[in-house]
Amino acid sequence: MVQHQLNGSGTAPVTRSSNPLDPSLFINRELSWLDFDERVLEEARDSSNPLLERLRFLAICASNLDEFFEVRVAGLQAQLYDNLEPQDAPPDGMGPLSQLTEISRRAHDFVGRQYEIYRTEIRPQLATHGIHVCGPDELSETQNAFLDKYFDWQVYPVLTPLAIDPAHPFPHLHNKSLNLILRIETIGQDPPRQLYAVLQVPSVLNRLVPLPDEGDGKRRFVLLEDVIGPRLDALFGGFKVAARAAFRVTRNSDLTIQETEVKSSLLSTIQETLRQRKWGAAVRLEISDRADEGFLAQLQTAPALDLDDRDVYKVSGPVDLTALVALYKLEGFRELKEPAFEPQVVTSLANRANVFAAIREQDILVHHPYESFGSVVQFIEQASEDPQVLAIKQTLYRTSDDNPIITALARAAENGKQVTALVELQARLDEENNIVKARALQKAGVHVVYGMVGLKTHCKAALVVRRDHDGIRRYVHLGTGNYNPTTARFYTDLSLFTCRSDFGEDASALFNLLTGYSQGHGWHKLIVAPMHLADRIIALIDRERKNAEQGLPARIIAKMNSLVDPGAIEALYAASQAGVRIDLIVRGICCLRPGMPKLSENIRVISIVDKFLEHSRIAYFQNNDAPQVFLSSADWMPRNFRRRVEIMFPIEDPRLRNRIVDGILGVALMDNVKARVLQPDGTYRRIAPAEPGEPVVRSQVEFQNMARELSSTDPIRPTTTLGATQAGVFR
């Protein structure tokens, strides 16, 4: 089996010593995730941000917490209650119970502050700018009359009340569905008889119901549950609804497929697992703070839920703040958002009739979203129509609706080209969408491979085989982000186009490995996980350490989403002790403690949280003044090193390499507006200009300016408006 071949070498945890490091030298992964959410919440709290951007950050906080509970908290509860072994034991030494206890303490405090910001700042300020989220008690007679008709014609027909009594067991509640729990009382009895029921708020209807325009330029909305609540008596003839509260249950949504669980095909196994996910164990209850103890008793003790007190989150506002992101998407209100930015077209591809001719001239680097993802779409679309193209091979991890790349691959197959797509069915929370896309591709004649059991295919690669005038040539796209035009507009990533023969040979070998049986390839440029990536990264770090010990120039800069792997952290600690200056730009989770005397005092860690989600993975090694720069699909985490197919690849064109070092890493390290620096105790401190007159640098704004500049000049000239090297970033 291919997964056995992939796991054949380089997959054992890389240890640097026989004695593990003191657990206190590591920050707990789960608590570091919550620290990232704190930085996002800080952006929602920051009054210097435009108001709708603050609202968007608040919704991102809620979305992040959803995934955290669905996957990370769910995993800890499975360890505690079901005695499941963790895939990776935390090097900080915290057990599942201690982690859950601390998570509960911090998460409850976090949610309280999240709703306080919405209730006391964002909602009132939205109203002053003409965007009103109205409560039931704020509506006029005319507005209530409109909602009466809306309820009768649009809402009532799709409502299904579900009684809770001995004849009606507690209903199954879908993961993250919004519901109302109701206390029903008989009419005409003294004392009245009390009953309970649950009503799902229809997800097929918009959560925010717009009220009629009153001609004053204001936009008014009512939450769907507040439309339903006052009109519930219509559902219960002979009864009245005495009390109600909105609530939502979060369930274990992790999907891990073991090789022994696959009986017939990976596709059918994942489809069955997705059906089971709807019945995953409950891990969190969010409920309106108007809920009394009777409501809580009904929900917590329901056999289908069985939740501890620490799993209950009372909220003083709308349950599920992610719904409010719809307000961010309203037409108009430009003054409440960041200035619009249109991604620039890379000059070397602009107005080129033949993208392959452009790639033959030079390697091309694209910095998304500052430079348009349209260049990647153009690459695949042109390949689908070009009569000289013989074959297209591509990995697909997270896709999107109406993805032009999916359409182009299907069209290429219909045009008679040999098209292969590896669709990763285990992309977390995107499994169902990927199954739909895979079936559409198969129907068009694309040969679809469904990843591998036990390994997620997370690398981003596309290979086009073309008959040029001088023979067969392979054109390759490699990236740090997904083939998803939607997320490419707000994720920062890097793309490389090349037709260098050694890259082409490695890309062919990669797809042979993924789609068939292949081993023993002598890799030229690609460094592939789970075979070699962890060992190679640690070897590169060790080389800098050895150079420092010999008095040679040594420097490391690495940008990633998460730093968790103990072996990589231990190697970085050793390099720091040898005197290597190390700068890490880690957006999210970081388990390394920087600034520890005699251990990590040469390591600095910053996190940048801004309008775009920092997603690119870059590594720079000074290598005795013969610098090497790599891009990668992988974070430095055990799962990426050992349980995923990932790639890291070098940037060999000196001009592109200089652009990454000076124009991307250098500028990011100078950010003193949206960057935070990690302290030894695990907290983050926001960076600000150190002295009066020091330049104010917001890296994402600088990248926008640089993209505009590059679109009108030589696209590979290493320009920067800041002069990063002169500013001493690399001294």
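Criterion first (in the same structural domain as MET452 (by TED's automatic domain parsing) and either closer than 20 Å to GLU361 by Cα or free of Cβ contacts under 8 Å to residues at least 12 places away in the same chain (or both)) does THR498 satisfy it? Here the answer is yes, as THR498 does meet what is asked. The requirement of being among the β-branched types (Val, Ile, Thr), in a loop (DSSP other than H, G, I, E, B) and touching a residue at least 24 places away in the same chain (Cβ under 8 Å) is not satisfied by VAL155.
Take the conditions assigned to a strand (DSSP E or B), in contact (Cβ under 8 Å) with a residue 60 or more places away in the chain and surrounded by 16 or more Cβ atoms within 10 Å (Cβ to Cβ) and apply them to VAL222. Does it pass? The answer is yes for VAL222. Looking only at residues in region 551-567 that are under 17 Å from MET670 (Cα atoms) and among the charged types (D, E, K, R), which one is surrounded by the fewest Cβ atoms within 10 Å (Cβ to Cβ)? Within region 551-567, the match that is surrounded by the fewest Cβ atoms within 10 Å (Cβ to Cβ) is ARG555.
Within region 320-329, is there a residue that is more than 30 Å from GLY112 (Cα to Cα), without any contact (Cβ under 8 Å) to a residue 12 or more places away in the chain, part of a loop (DSSP other than H, G, I, E, B) and not β-branched (Val, Ile, Thr)? No: zero hits. Of all residues in region 360-385, exactly one satisfies the criterion of being β-branched (Val, Ile, Thr) and surrounded by fewer than 22 Cβ atoms within 10 Å (Cβ to Cβ), namely VAL377. When region 320-365 is limited to residues that are within 23 Å of ASN705 (Cβ to Cβ) and out of contact with any helix residue (DSSP H, G or I) (no Cβ under 8 Å at 6 or more places or on another chain), the one that is modelled with the lowest pLDDT turns out to be ASN351.
Restricting to region 330-349, name every residue that is over 30 Å from HIS132 (Cβ atoms) and either exposed (fewer than 15 other Cβ atoms within 10 Å of the Cβ) or without any contact (Cβ under 8 Å) to a residue 12 or more places away in the chain (or both). Across region 330-349, the qualifying residue is only GLU342. Just so you know, in region 185-205 the residues that are of a type in the set (Val, Ile, Thr) and farther than 16 Å from ARG248 by Cβ include one that is surrounded by the most Cβ atoms within 10 Å (Cβ to Cβ), and it is THR186. For region 3-19, the count of residues that are assigned to a helix (DSSP H, G or I), of a type outside the set (Asp, Glu) and modelled with pLDDT of 85 or more is zero.
Condition first: surrounded by fewer than 23 Cβ atoms within 10 Å (Cβ to Cβ), among the basic types (Lys, Arg) and more than 21 Å from PHE630 (Cβ to Cβ). Can you find one or more residues in region 439-448 that meet it? Checked against the condition, which is being surrounded by fewer than 23 Cβ atoms within 10 Å (Cβ to Cβ), among the basic types (Lys, Arg) and more than 21 Å from PHE630 (Cβ to Cβ), region 439-448 yields at least one hit.
Only one of the listed residues (ASP109, ASP35, ASP92) is at pLDDT 95 or above, acidic (Asp, Glu) and crowded, with 16+ Cβ neighbours inside 10 Å. That residue is ASP35. Taking the criterion of being buried (at least 19 other Cβ atoms within 10 Å of the Cβ), of a type in the set (Asp, Glu) and over 25 Å from the mean Cα position of the chain (by Cα), would at least one residue in region 506-525 satisfy it? Yes, the conditions are met somewhere in region 506-525. Just checking, does region 652-668 include any residue being surrounded by fewer than 20 Cβ atoms within 10 Å (Cβ to Cβ), in contact (Cβ under 8 Å) with a residue 40 or more places away in the chain, part of a strand (DSSP E or B) and of a type in the set (Lys, Arg)? Scanning region 652-668, I find no residue that is surrounded by fewer than 20 Cβ atoms within 10 Å (Cβ to Cβ), in contact (Cβ under 8 Å) with a residue 40 or more places away in the chain, part of a strand (DSSP E or B) and of a type in the set (Lys, Arg), so the answer is no. Scanning region 432-464 for residues that are more than 21 Å from SER632 (Cα to Cα) and over 22 Å from the mean Cα position of the chain (by Cα) turns up ARG439, ALA440, LEU441, GLN442, LYS443, ALA444, GLY445, VAL446, HIS447, VAL448, VAL449, VAL453. Inspection of region 541-549 identifies no residue that is assigned to a loop (DSSP other than H, G, I, E, B) and of a type in the set (S, T, N, Q).
Comparison of GLY229, GLY237, GLY188, GLY217 shows that the only residue that is part of a loop (DSSP other than H, G, I, E, B) and either in contact with a helix residue (DSSP H, G or I) (Cβ under 8 Å, 6 or more places away or on another chain) or under 27 Å from ILE131 (Cα atoms) (or both) is GLY217.
The values are calculated or read from the model by the stated rules, or taken from the named source; none is laboratory data. Predicted model only: the values in this text are computed from it and were never measured. A quick note on method: Cβ atoms are made from the backbone with ideal geometry, for glycine too, and the neighbour counts reach across all protein chains shown.
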